[in-house]
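Quick note: the coordinates plus some simple rules give every number you see, no bench work behind them. These numbers were taken from a predicted model, which means no experiment stands behind them. All Cβ positions, glycine included, derive from the backbone under ideal geometry; neighbour counts span all protein chains shown.
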Amino acid sequence: MSSYWGGHVLIDPNDMERMFSEQDGFSQLPSVWEAPQGESILQLDTVKEVLDRVPPREADFIELYFFRRLRQTAIAELYNISQPSVVYRLQRGARRLRYLIEMPKFDRSQMELDLRKVVPDEIDVKIMVGMVDTTC
């Protein structure tokens, strides 16, 4: 819990670690979600395949909200942020997931070769490939 001292915000080290941790700390939580069936399983598997490609914090929010069925207010309390921030991060994470799922399959090395034909600077090629990898 944060507190104030002399006009400065003091943050508990445990809160700081929780806010910036990139470890998967939610895998041990029990799921209260009913098991999907049929086509939903295929869609769920597709989401899980690309979930590790979104930023860790957004992936945490998506897992907590959609897979663990936590309320937005509970997630906000957990991360010590506002509920509208949770909504924003969930929306941003969902857009990234949609982008990754709808992106056509491609060969990364072939993409780099094709980019080198039209982009002369090697750094620009790496930036463009990185943008695809990071869903920018």
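Show me, bin by bin at 5 Å from 0, the whole-percent P(r) of the range 50-117 based on Cα pairs. Whole-percent P(r) values from 0 Å outward: 3, 17, 22, 18, 12, 8, 6, 6, 5, 1, 0.
To the nearest 0.05, how large is the calculated FRET efficiency for ILE127 and GLN91 if R₀ is 22 Å and r is the Cβ-Cβ distance? Please list the in-between numbers first.
Working: r = 26 Å, r/R0 = 1.16.
Efficiency for this residue pair is about 0.30.
When +1 charges are put on Lys and Arg Cβ atoms and -1 charges on Asp and Glu Cβ atoms, the dipole computed for the range 37-103 relative to its Cα centre reaches about 240 debye. The Cβ shell under 11 Å around LYS126 holds other residues with a net charge of -4, Lys and Arg each +1, Asp and Glu each -1.
Taking the Cβ of ARG89 as the centre, find all other residues whose Cβ is under 14 Å away and add up their charges (Lys, Arg: +1; Asp, Glu: -1). Charge balance near ARG89 sits at +1.
May I ask you to compute the full-extension gain from TYR99 to SER82, defined as 0.36 nm times their residue separation minus their alpha-carbon distance, rounded to one decimal in nm?
Going from the current span to full extension adds 3.5 nm.
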